[in-house]
Amino acid sequence: MAIDNAIIARRYGNALFEVAQDQNSLAETAAELNELKAALNQEPGFVNFMTSPQINEKAKKDTLSALTANASALVSNLLNMLFDYRRISNLEAIIDEFNRFYDQDRKVVRAVVRTAVELDNQQKNTLAKKFAEVEGANQVILDAKVDPSIIGGVVMQSESHIYDGSIKTKLEKIKRLLLKR
């Protein structure tokens, strides 16, 4: 039975989080993993290179050695283990899961906010504070997106809540009410 990629990412991300927590290196590990993720985004061919059957193992190991040369022991062990178990293609998802556990530990919530017009910093801060109260979070990190289709208002979405105060949704509710009669 093959294990689904989301399950693999969750298991490895959780294990990595627990080890980093035991070693009191959560912040350092998170920073290093996010730096690694940024490097992966700059070099999208890395995973294909590391998983290609056409590339010999020595070239892959040399690349992995260069990558882990300045890495912490924890991240180096992770990369070597993923390579050995042929799970290097799950690396980005594992980093995302680690970050999710790290955010939960610090009571940080990431939310997407969609508005018809761009928000200024004061509006973003106000929304983040109000949404933090709803979420019971210490901090809300907003990813602001402009979406003219909502006409006006705001739509906020986190992993656990959706608040839709858009004019588009209000108009759709009125339309449904009128059509029922």
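Remarks
- A full extension of the chain between residue 48 and residue 28 corresponds to an added length of 4.4 nm, given 0.36 nm per residue minus the alpha carbon distance.
- Portion, in percent, of the accessible area of the chain that falls on carbon or sulfur, probe 1.4 Å: 51 percent
- The loop-placed trypsin sites (Lys or Arg not before Pro) in the stretch 29-96, going by DSSP, that have at most 12 neighbouring Cβ atoms within 10 Å of their Cβ come out as 86.
- Rounded to the nearest 10 square angstrom, residue 119 shows an accessible area of 30 square angstrom against a 1.4 Å probe.
- Per-residue 3J(HN,Hα) values for the stretch 73-90, derived from phi via the Karplus relation 6.51 cos²θ - 1.76 cosθ + 1.60 with θ = phi - 60°, read 4, 5, 5, 4, 4, 4, 4, 5, 5, 4, 5, 4, 8, 6, 10, 4, 5, 8 Hz in sequence order (x marks Gly and Pro).
- Expressed as a fraction of 2.2 N^0.38 Å, the value expected for a compact globular protein of N residues, the C-alpha radius of gyration of the stretch 27-88 is 1.09.
- From the C-alpha gyration tensor of the stretch 89-181, square roots of 5λ in Å: 29, 16, 13
- For the stretch 8-140, the solvent-accessible area works out to 59 Å² per residue, with a probe of 1.4 Å and every protein chain left in place.
- Proximal charge balance of residue 145 [Cβ under 11 Å; K/R count +1, D/E count -1]: -2
- Exposure rank, largest accessible area first [156, 81; 1.4 Å]: 81, 156
- Shown here for the stretch 65-158: GluC sites (Glu not before Pro) in loop regions (DSSP other than H, G, I, E, B) with at most 13 other Cβ atoms within 10 Å, namely 118.
- Label corresponding to volume of the Cα convex hull per residue in Å³ when calculated from the structure given, among (1) 124; (2) 190; (3) 236: (2)
- Backbone N within the stretch 75-115 under 17 Å of label point (7 Å from residue 134 Cα along the Cβ vector): 108-115
The values are calculated or read from the model by the stated rules, or taken from the named source; none is laboratory data. Everything quoted here is computed from the prediction, not taken from an experiment. Ideal geometry is used to build each Cβ from the backbone, glycine not excepted, and the neighbour counts take in all protein chains shown. The accessibility values were calculated without ligands, DNA or RNA, using every heavy atom of the protein model including side chains. Shrake-Rupley method; radii C 1.70, N 1.55, O 1.52, S 1.80 Å.
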